[in-house]
Every structure is written in structure tokens, then in C-alpha cells.
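K.L.:
Below: one structure in C-alpha cells.
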Amino acid sequence: MFGLLSNDIGIDLGTANTLVHVSGKGIVINEPSVVAADRRTGKIIAIGSEAKQMLGRTPDDIIAVRPMKDGVIADFKSVESLLTKMIKKVQKYPLFLLRPRIVVGVPSGITEVEKMAVIDASQRAGAREVHLVAEPMAAAIGMGIPVEDASGNMIIDIGGGTSEIAVIALYGIVCDANLRVGGDEMDVAIVDYLKKAHNMLIGESTAEQIKMTIGSAFPLKEELVMEVKGRDLIAGVPKTMTLTSEEIREALAETIGLIVDAVRKALENTPPELSSDIVDKGIVMTGGGSKVRGLDDRLREETNLPVNVIDDPMVCVCKGTARILEDIDKFRKVLMAATH
Ligand code: ADP
Ligand code: MG
């Protein structure tokens, strides 16, 4: 009876996007991790997609923030609002009647204080049980990788604000590297490049569009072009220009280089037994940042290892949290913390 009523909830609390899975329903929320509040009173005005539209273009009295931007919780109150509002949104019945179990995927470098904030917020939203899981672990489970095996797997998760590289074996993260560089940094690099090379000012969301449309990490078979609108910094007027994928690759080179270096370092730090597993199985890339064209080719060239890209890299952390909830006894060993 309880099982029928109970809707377990799996959450990927990403730096860029938050996804919510409800058991029996699938992924019901997939929205930006953005919170908009009244600057004066602090009252939350909007979350998710609605709040993202306000980023960078809010009137003075509204402030829109990405509270997880750097992979750390910069703003506890906003994270709490984001979590509670999203949990409430997916519940048809008052939560206190159902008291779902909730698993939240969080960056593996999360501090104790941050863990408590996530747990408290979920409990206050009505959860019966809250568990945390490191995102690379959840991603691996979501991809169907047998994390219980003794044989190691390397996962690279490139998100908005962070990239995580983890070697997983026997339900644990054996070797782990976090860097505060991800897709956002690529956007900033494109903004800077256009300023320097073309005296042109664009916003970060235009930069993100450029990255997705013509961004790359390796020479393309057919190079691409894109028309971009911005402001001429000298004349102060709007201007339009055509950018090429070669140029944008140059703009992204430094950021991509940091990710490549981190992967190399992680490989060096991997215990030899597990390295030989990775030589056989290769590396799996996930997270929205892994969709940059040619990043797989680049990593293949740099590491001489097989690099696998998966079809839906932006949902596997959330799918993993859902999978854990289906078989929580099996996956208990992967959970970071639990309260009852
Ligand atoms: P997080 O887990 O940190 O919330 P996501 O896995 O949702 O991050 O990835 C978000 C990042 O992926 C953003 O920086 C976004 O610009 C980038 N991204 C999404 N799609 C693409 C794409 N097609 N090409 C390049 N980058 C992409
Ligand atoms: Mg993520």
C-alpha cells in the first residue's frame, strides 16, 4: 500500500541544470539551476527556466543567481528554495502524507556543511529518508556500468561549473579529481576572445550558443561558420559578424587544455591494476560539456585510450539516482550520507 503511494525522488543537483526523477513517472523536471529573488526582501520570485530568462537582464530590484555555479553551495538559502520548490512541484499529494525517499546527486567534493544543507532542505520538503551520492558514481550507475565489479571504470563528467574525473570500482570512487572548470568557463573564454580579437561584446548566453553551434576541441571534417550579433566596443553600436569554428576552437583551447591535463593527471594517479582495466575499457564521458564537438577525438589522441561518448550525457546522473532508489539495499555502499 505504502509502496503504491510512495513516489521516490531522484535529483541531480547540477551546477547548470537540476533534474528530478519520480519513480514510476520518469524525469519530470529538467531545468536550469537558477533562482531569482527580490533584492530587497529576499523573497524567491522564480526558479528554473523562468529564473534563467532573468539572468543578466533583471531589473534592479530582482537578482537572479546560480547558487551551485562553482560546484560549491555559494548561497544556501537559494539552494534550499530550489530543492524545496522542485520537490513540491512533482508531488501531487501533500508530501507529509507520502514521505518519499530522496536521493540527491552532489559534487564529490561537497563539504560536510553543504551536505547538511542539502539533507535539511530535502527533509524540510517532507522527505522520509535522504541520501546523497557523488555525481560521478550516480552517472556510472545511470549509464549501466557495473560499479560493483572489481574492474575499474574511468568516468569524466564535464558539467557547467565543474569537471570531475573518477575511477570507480567495487562500489567506491578509487581515484578522484575535481576541477572548477566546465562548460561555463568555455562561454567566458568565448566572450573574452571576441572582446580581444574583434572588439565585440556579447553576453554569456550568446557565447553558450556559439559554443554549442560551432565550438570544437579537434579539427572538424567540415569547419563551420555562424553569424553572431553583439556590440561594437569602439563604435558602441550593434554589429553582426561571421565567426568560424577554427577561431572558436582557438578561443576554447586553454579551457579544453585544462580538462585534458586533468585527465592525464588522473590517469597517472590511477593504481596500476585499475589502469590496465581502463586500457581495455577506455574512458566514458558524460555531462553537457562532453558534447563539445571533437572532445572525444581530442582525448583519444592525447591518451591513446578508447573514449566513449554516450547518447544522453545530461541525464545519466539523474537516471543513476533513480536506479539507486529501485534497489537501495544493493547500492547502500555508494551513498555518501544518510539520515532518518
Ligand atoms: P551540471 O551537471 O553542472 O548541471 P550539465 O551536465 O547539465 O552541467 O552541463 C551543462 C553544460 O553543458 C553547460 O555549460 C552547457 O553549455 C553545456 N552544453 C550543453 N549542451 C552542449 C553542447 N551541445 N555542446 C557544448 N556544450 C554543451
Ligand atoms: Mg552534472
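K.L.:
Please report, to one decimal in angstroms, the Kirkwood hydrodynamic radius of the stretch 42-102 built from all distinct Cα-Cα pairs.
P.N.:
Averaging 1/r across every pair of different Cα atoms and inverting gives 13.1 Å.
K.L.:
Turning to a different aspect of this structure: For the chain, what does -39500 (n - 2.57) per DSSP helix run (n ≥ 4), summed and divided by total residues, give at 222 nm, in deg cm²/dmol to the nearest 500? Let's see the in-between values first.
P.N.:
On the way: 13 runs with 133 residues, N = 340.
Result for the chain: -11500 deg cm²/dmol, rounded to the nearest 500.
K.L.:
Follow-up question, since we're still on this one. Looking at the stretch 171-226 from every direction and averaging, what is the projected area of its Cα convex hull in nm²?
P.N.:
Numbers: hull surface 24.7 nm².
The directionally averaged projection comes out at 6.2 nm².
K.L.:
Could you compute how fast the chain diffuses translationally, taking Rh as the Kirkwood radius over C-alpha pairs and applying Stokes-Einstein at 20 °C with viscosity 1.002 mPa s? Give it in µm² per second.
P.N.:
102 µm²/s
K.L.:
While we're on this one: Past 23 Å, Cα to Cα, is the threshold; run Lys43/Lys229; Lys265/Lys330; Lys25/Lys85; Lys69/Lys239; Lys52/Lys291; Lys291/Lys330 against it and keep the listed order.
P.N.:
The answer is Lys43/Lys229; Lys265/Lys330; Lys69/Lys239; Lys291/Lys330.
K.L.:
Separate question: Fewest Cβ neighbours within 10 Å first, please rank Glu204, Glu129, Glu112 accordingly.
P.N.:
The order, fewest Cβ neighbours first, is Glu112, Glu204, Glu129.
K.L.:
I need His131, His21, His198 ordered by Cβ neighbour count within 10 Å, fewest first. Mind dumping the intermediate values first?
P.N.:
On the way: His131 24, His21 29, His198 17.
Lowest to highest Cβ neighbour count: His198, His131, His21.
K.L.:
Could you tell me what percent of the DSSP beta bridges with both partners in the stretch 87-167 are antiparallel, to the nearest 5?
P.N.:
If we restrict to bridges inside the stretch 87-167, about 45 percent are antiparallel.
K.L.:
If neighbour count is taken as other Cβ atoms inside 10 Å, put Tyr171, Tyr193 in order from fewest to most.
P.N.:
The fewest-first ordering by Cβ neighbours comes to Tyr171, Tyr193.
K.L.:
If you take the square roots of the eigenvalues of the alpha-carbon gyration tensor of the stretch 56-147 and sort them as a ≥ b ≥ c, do you get rounded (a/c under 1.5), prolate (a/b over b/c) or oblate? Spell out each step's value before the answer.
P.N.:
Details: a/c = 1.85, a/b = 1.18, b/c = 1.56.
Since a/c reaches 1.5 but b/c is at least a/b, the shape of the stretch 56-147 is classed as oblate.
K.L.:
Nearest 5 percent is fine: what portion of the DSSP beta bridges confined to the chain is antiparallel?
P.N.:
70 percent
We did not get these values from a lab; they are worked out from the coordinates using the rules stated. Fair warning: this is a prediction, and the values are worked out from it, not measured in the lab. Because the Cβ atoms are built from the backbone with ideal geometry, glycine has one as well, and the counts that use them run over all protein chains shown.
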